[in-house]
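Reviewing the structure listed below.
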Amino acid sequence: MTGNNLIFYFSATGNSRHVAQCLQMANGGILVPMDTCLLEGQHKFSVDEACSVGFVFPVYFWGLPTIVADFIAALQLDGTPQYTYGVVTYGTSMGEVRHQLRKALGLKGMVLDGLFGVRMVDVWTPMFDVSDHDKCLKRTQKAEAQIDKVALQIEHHEAGSRHWTELPHLLAQLEYRLYPKARQTRHFSVMDDRCTGCGLCARKCPTKAIAMNCHKRPFWQKSECAACLRCLHHCPHFAIQYGKHTATRGQFVHPSEIYNA
């Protein structure tokens, strides 16, 4: 693929997708979903020295989602962009994303010129509660000012200052080491009295870990997934659960996901 500015993004519930769309509206460029590229084997892109390349994604366990890490590892970029940046959406901390993203890009001969964070609703409901819709809406609306600021910083090719929520490598690694275990699909379950067999979860899974059986019930055909909870939060009847506590903690998708559905 060739073009002007490139904005690679990964989003499970719409937060990071919304940020990517706002950056596109503010500064132009082409939106490229990283999960779709991985599924379709699309890894080759071309830029020229006047272009910028951005990576927009959520923080998972204080580090990179596996979708993002795998995409960057497979990326074949023809040309050297003038400016390369990252924008991460997070709930509590940006963790060590700066360290991991810089390292991943460095292996591809790229330099991370700027990194920015936008605090949004944390959708990891095995730990956080999103059942208070008014609270989630306030957090979502408050993020708009942060997005506008980041878009301006990117327009000016700023480096971005180290965020106060960033953590030292050794401390963040304690959390990130839990990510592989969290990715095990044995944690998921389906509430049969709620599931209607619509298959939305299987269609939306970014790793194609979910399939439908002959009884039109979802099952996990892979032992690991991205642990993004896209299936849980998009299920029309909240039939998919993760662990023992998510059933009481609600669902959340960014309002733009609802409007654009």
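What follows draws every value from the coordinates through simple rules; no lab data is involved. Predicted model, so just to flag it, every value in this text is computed and none were measured. Virtual Cβ from ideal backbone geometry, glycine too; neighbours counted across all protein chains shown.
A cysteine counts as unpartnered when no other cysteine's C-beta lies under 4.7 Å of its own; in the chain this applies to CYS22, CYS37, CYS51, CYS136, CYS195, CYS198, CYS205, CYS214, CYS225, CYS228, CYS235. Taking other residues whose beta carbon is less than 10 angstrom from the beta carbon of HIS163, and scoring Lys, Arg as +1 and Asp, Glu as -1, yields +2. Reducing region 1-43 and region 193-239 to their Cα centroids gives an inter-centroid distance of 24 Å. Sequence-distant contacts, meaning Cα pairs under 8 Å at least 6 residues apart, place the relative contact order of the chain at 20 percent.
In terms of surrounding Cβ atoms within a 10 Å radius of their Cβ, THR165, THR140 rank from fewest to most as THR165, THR140.
Recomputing percent of Cα pairs over 35 Å apart from the coordinates shown identifies the correct label among [x] 19; [y] 13; [z] 37 as [y].
Taking a sphere under 15 Å around the Cβ of GLU49 and counting the other residues whose Cβ falls inside, with K and R at +1 and D and E at -1, yields a net charge of -3. Each part gets one Cα centre, and for region 136-173 versus region 64-105 those centres are 14 Å apart. Checking every one of the GluC sites (Glu not before Pro) in region 118-159 against DSSP loop status and a limit of 15 other Cβ atoms within 10 Å picks out GLU158.
For the chain, lysine pairs with C-alpha atoms less than 24 angstrom apart, excluding pairs fewer than eight positions apart on the same chain, total 20.
Which percent, to the nearest 5, of DSSP beta bridges fully inside the chain are antiparallel? DSSP beta bridges in the chain are roughly 25 percent antiparallel.
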